[in-house]
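What follows is a short report on a single structure.
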Amino acid sequence: MPFVPLYGEESVPAFCLPELLRSEAGHAIETAGQWNTVRRPELLRLFREHVYGFPPAADPHFRVEIRESGFAFGRNALREQVRLRFGSDGRAPFIDLLLYRPRSPHPVPAFLGLNFKGNHTTTFDPVVFSPASWVSEAAPHGAQQRRWPYERILEAGFAVATFYYGDAAPDSPLHWREGLARLAPAQHEGPLPTGNEPGAVAWWAWGLSRALDYLSTYPAIDSRRIAVIGHSRHGKAALLAGAEDERFALVISNDSGCTGAALSRRRIGERIVAINERFPHWFCGNYHRFNEKEDRLPVDQHQLIALMAPRPVYIASATNDHWADPVGEYQAAVAAAPVYALFGFPQVAAALGNGMPAPDTSVGDRIGYHIRTGDHDMLAEDWRHFLRFAGRHFCEA
Ligand code: GTR
């Protein structure tokens, strides 16, 4: 039977979320110490075992090849294009990173995120290279520029770095192992991830961590103020990267939906069965056991958001993005709030308000949220909120 999505609050079944602040042994988690030593590791292990797979067992070392650098945007900024090559032979996999940074006497905070169609599509800057790796469809220069308002980001004092996600793992059930996954021996026969083997989303997150390794050594960037950001499937990868790698000081999920920020147990819009059938290479093999069995999943996505604590995390939705279940994204953000109280931020839930905020209004403090009017996309209006949120946490602390 083809999958038929349900929409509307009346379609949401009654459900109980798995508990955030109770350990598997049944003990209440009452302190930040208990969270860090007991509950956080438990939840991370459950997400690895049942959803995303364990982090890739691959050699994280790379060599840096500077491909190009120069002034950008009327000499107000600097651009650098580097290849991070994993291995010494010419066929070794690589990530081609594009970095813009403002001219500044001090180390600056930065955003890091994946792009869908190649670095050259994020800007009309003619010097930016298109991907050398596997690419599903050639896209013209600047085609996704709307998602990357570089000049505004730079004017706000941030650096910004991106790479084509296909460098890390081509987004195809047949080819996803042809990127960084070549660094790890396949754990099983067959084209798709099985058991708790990491799928493409875990490789995208792993690639983000390697780009963070590079940015952390970069003197003009403040390694303690690097945010990971992602739209849609890249929002799922950004949340996973933030959960796995606590060096990311701030995490932004835009329209990440199913297996991103949205609660799976609401069972509206995209469901686990739909995502596993259309994208069988994204998650680990074990995740397929929960097709149409959301109640059996030992975790839900509020717990993924909670793994960011006490770091600031921002969840964004769009009014027409019913497939991603904006209400489920908002409710997951609210349900993650109690863990922040353990870290001395008791007001996080109250700051998110009592129910969905009006469109285009940002709410929250350490967990931020807005729902933008319009379609599934990441636009300058979203960045306006992200810049304000990151500015508040990075620049006024
Ligand atoms: C959809 C998928 C979503 C979301 C989206 C995207 O087809 O069902 O989960 O990831 O793609 O990445 O744009």
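Every number here is computed from the coordinates shown, using simple stated rules; none is lab data. Since this is a predicted model, take the numbers as computed values, not measurements. Counting neighbours? That spans all protein chains shown, and the Cβs are built from the backbone with ideal geometry, glycine included.
Quick notes on this one:
- Matching residues, segment 233-256, being within 9 Å of the ligand (Cβ to nearest atom) and in contact with a Gly (Cβ under 7 Å, 6 or more places away or on another chain): His234, Gly235, Lys236, Asp255, Ser256
- Of the residues making up segment 24-46, those that are in contact with a Lys or Arg (Cβ under 7 Å, 6 or more places away or on another chain) and either surrounded by fewer than 16 Cβ atoms within 10 Å (Cβ to Cβ) or in a helix (DSSP H, G or I) (or both) number 1.
- Qualifying residue in segment 212-220 (condition: within 14 Å of the ligand (Cβ to nearest atom), over 25 Å from Ala316 (Cα atoms), polar (S, T, N, Q) and outside any helix (DSSP H, G or I)): no
- For Ala350, the criteria (1) within 19 Å of Gly8 (Cα to Cα); (2) assigned to a helix (DSSP H, G or I); (3) free of Cβ contacts under 8 Å to residues at least 12 places away in the same chain hold in every case but one, which is (1).
- Contacts under 8 angstrom Cβ, first residue in segment 171-182 being under 19 Å from Asn115 (Cβ atoms), partner crowded, with 23+ Cβ neighbours inside 10 Å and β-branched (Val, Ile, Thr), 6 or more apart: Leu180/Ile95
- Within segment 304-327, the set of residues being of a type outside the set (A, V, I, L, M), assigned to a helix (DSSP H, G or I) and surrounded by fewer than 23 Cβ atoms within 10 Å (Cβ to Cβ) comprises His322, Trp323.
- Segment 1-15, subset part of a loop (DSSP other than H, G, I, E, B) and free of Cβ contacts under 8 Å to residues at least 24 places away in the same chain, residue nearest to the chain's Cα centre (by Cα): Val4
- Residue count for segment 328-347, restricted to those that are part of a helix (DSSP H, G or I) and either surrounded by fewer than 19 Cβ atoms within 10 Å (Cβ to Cβ) or within 16 Å of the ligand (Cβ to nearest atom) (or both): 5
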